Amino acid sequence: MSKAFLEVSGLAKVYATKEGNDFTVYEDVNFTLDKGEFVCIIGHSGCGKSTILNTLAGLDDPSGGAVIMNGKEVKGPSLERGVVFQNYSLLPWLSTLSNVEFGVKARWKDWSKSKVREHSTRFLNMVGLEHALNRKPSELSGGMRQRVSIARAFATQPELLLLDEPFGALDALTRGVIQEELVKIWSETHQTVFMITHDVDEAILLSDRIFLMSNGPNAAIAESVKVDIPRPRQRNTIFQQPGYYQLRNYLVNFLVNRSAEKPEDTSGKPKEVNPLSGLETSSAPDAAISEDSVQAQNNEHPLAVNQ
């Protein structure tokens with residue numbers, strides 16, 4: 001019997017086409033998540049990342065396989081699983097504070113009004129929105145709206161937090177700020193997080209492991225890559241860590257050159273990889289590289305992941 005907090009086994013999603021044929025988005029997807037783990041999943045468009053996330057959330061039914069969380073099969077939505085989407089999903093007629101309180105009240109129906117308010121305000125403070133508690137979503141920037149969504153999700157304290165490209169629509173500067181807020185909250189709450197991203201650097205900054213998906217149709221999680229870079233990690237210094245570029249280049253190489261290949265292991269289990277295994281970490285050979293150099297490398301690698 002598996003002791004994993006979350007276990008996904010034999011997951012598949014198949015659609016019937018107009019021609020009467022079956023179209024398999026992904027099949028035989030197997031993985032586990034440990035309690036408190038932060039895992040990112042990366043893959044090209046059409047490989048089924050969002051469909052997998054929606055299945056974990058209970059918002060979509062798989063064609064085959066099962067999702068087991070805490071020993072119980074996931075069937076339908078639950079307050080034990082929180083979701084943050086790219087499009088914010090805020091109630092436009094409610095204030096910033098009321099949007100968070102809405103989720104908190106649903107989670108703890110017996111809490112007093114003052115306790116709900118105190119709890120909600122604390123999480124909004126954690127994402128730097130103490131000055132905007134009474135503003136409506138229409139009065140907030142895109143980055144501020146996404147902070148509200150993140151605060152609401154963490155405030156309800158789900159056992160599993162699912163993030164579907166939550167920063168995809170944000171500019172680079174705002175994205176970086178909210179990444180730091182996310183890391184700060186996660187380090188305090190120790191919640192289990194499963195996040196979709198197209199950004200390799202974001203995945204390295206946030207993750208304990210990174211799942212790499214092969215291309216669809218018939219996609220699969222080909223590899224589970226360990227991010228063996230010590231925490232805490234800072235966005236403006238992580239590129240100085242020994243092995244950072246070795247790890248980054250490994251991920252880029254998979255996405256650009258190997259994602260069309262089908263996994264060698266036919267058992268359905270992703271290959272476990274640690275690109276930094278055995279790497280000497282007593283010195284930092286990349287320490288002199290500037291942030292401008294990092295951006296230059298980013299510009300050189302369109303990655304094809306933003307398709």
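The values are calculated or read from the model by the stated rules, or taken from the named source; none is laboratory data. In this text the structure is predicted, and so the values were computed from the model without any measurement. Because the Cβ atoms are built from the backbone with ideal geometry, glycine has one as well, and the counts that use them run over all protein chains shown.
Looking at the structure I just gave you, is ARG117 more than 14 Å from LEU162 (Cα to Cα), among the charged types (D, E, K, R) and either crowded, with 18+ Cβ neighbours inside 10 Å or at pLDDT 95 or above (or both)?
yes
Mind checking which residues of segment 62-102 are among the β-branched types (Val, Ile, Thr) and touching a strand residue (DSSP E or B) at 6+ places or on another chain (Cβ under 9 Å)?
VAL67, ILE68, VAL74, VAL83, VAL84, listed by residue number.
Checking the conditions here, which among ALA203, ALA222 is crowded, with 21+ Cβ neighbours inside 10 Å, touching a residue at least 24 places away in the same chain (Cβ under 8 Å) and part of a helix (DSSP H, G or I)?
Every option except ALA203 fails the conditions.
Restricting segment 127-143 to residues that are among the hydrophobic types (A, V, I, L, M, F, W, C) and touching a helix residue (DSSP H, G or I) at 6+ places or on another chain (Cβ under 6 Å), which is surrounded by the fewest Cβ atoms within 10 Å (Cβ to Cβ)?
LEU133
Please go through segment 119-145 and give me each residue that is in contact with a Ser or Thr (Cβ under 8 Å, 6 or more places away or on another chain) and either part of a loop (DSSP other than H, G, I, E, B) or on the phi > 0 side of the Ramachandran plot (or both), ordered by number.
Answer for segment 119-145, where residues must be in contact with a Ser or Thr (Cβ under 8 Å, 6 or more places away or on another chain) and either part of a loop (DSSP other than H, G, I, E, B) or on the phi > 0 side of the Ramachandran plot (or both): LEU129, LEU133, ASN134, ARG135, LYS136, LEU140, SER141.
Quick check on segment 159-179: of everything there that is under 19 Å from ILE41 (Cα atoms) and among the charged types (D, E, K, R), which residue is modelled with the lowest pLDDT?
ARG175
For ILE185, state whether it is among the hydrophobic types (A, V, I, L, M, F, W, C), surrounded by 24 or more Cβ atoms within 10 Å (Cβ to Cβ) and either in contact with a Lys or Arg (Cβ under 8 Å, 6 or more places away or on another chain) or on the phi < 0 side of the Ramachandran plot (or both).
no
Here is a check on your reading of the model: is GLU80 among the acidic types (Asp, Glu) and more than 16 Å from GLU159 (Cα to Cα)?
For GLU80, the condition - among the acidic types (Asp, Glu) and more than 16 Å from GLU159 (Cα to Cα) - is not met.
Yes/no matrix, rows are residues, columns are (1) free of Cβ contacts under 8 Å to residues at least 40 places away in the same chain; (2) at positive phi; (3) not aliphatic (A, V, I, L, M):
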| residue | (1), (2), (3) |
| --- | --- |
| VAL8 | no, no, no |
| LYS13 | no, no, yes |
| THR17 | yes, no, yes |
| LEU33 | no, no, no |
| PHE38 | no, no, yes |
| GLY46 | no, yes, yes |
| LEU53 | no, no, no |
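Of THR156, THR197, which residue is among the polar types (S, T, N, Q), at pLDDT 90 or above and closer than 26 Å to LEU276 by Cβ?
None of the others qualify; the one that does is THR197.
Here is a check on your reading of the model: is ALA151 crowded, with 22+ Cβ neighbours inside 10 Å, within 22 Å of GLU80 (Cβ to Cβ) and not polar (S, T, N, Q)?
Yes; evaluated as a whole, the condition is true for this residue.
Determine the pairs where a residue that is closer than 27 Å to ARG147 by Cβ, located within segment 67-93, has a partner that is modelled with pLDDT of 90 or more and surrounded by fewer than 11 Cβ atoms within 10 Å (Cβ to Cβ) with Cβ atoms under 7 Å apart, the partner being 6 or more residues away or on another chain.
LEU79/ALA106; PRO92/SER138
Report, by residue number, each residue of segment 73-88 that is of a type outside the set (D, E, K, R) and either within 17 Å of LEU6 (Cβ to Cβ) or at pLDDT 90 or above (or both).
Residues satisfying the conditions are VAL74, GLY76, PRO77, SER78, LEU79, GLY82, VAL83, VAL84.
Of all residues in segment 225-246 being in contact with a Lys or Arg (Cβ under 9 Å, 6 or more places away or on another chain) and aliphatic (A, V, I, L, M), which is surrounded by the most Cβ atoms within 10 Å (Cβ to Cβ)?
Of everything passing the filter in segment 225-246, VAL225 is surrounded by the most Cβ atoms within 10 Å (Cβ to Cβ).
Just checking: which of the strands (runs of 3 or more DSSP E) contained wholly in segment 1-106 hold 2 or more residues that are under 28 Å from PHE123 (Cα atoms)?
Strands (runs of 3 or more DSSP E) meeting the threshold: 38-42, 81-84.
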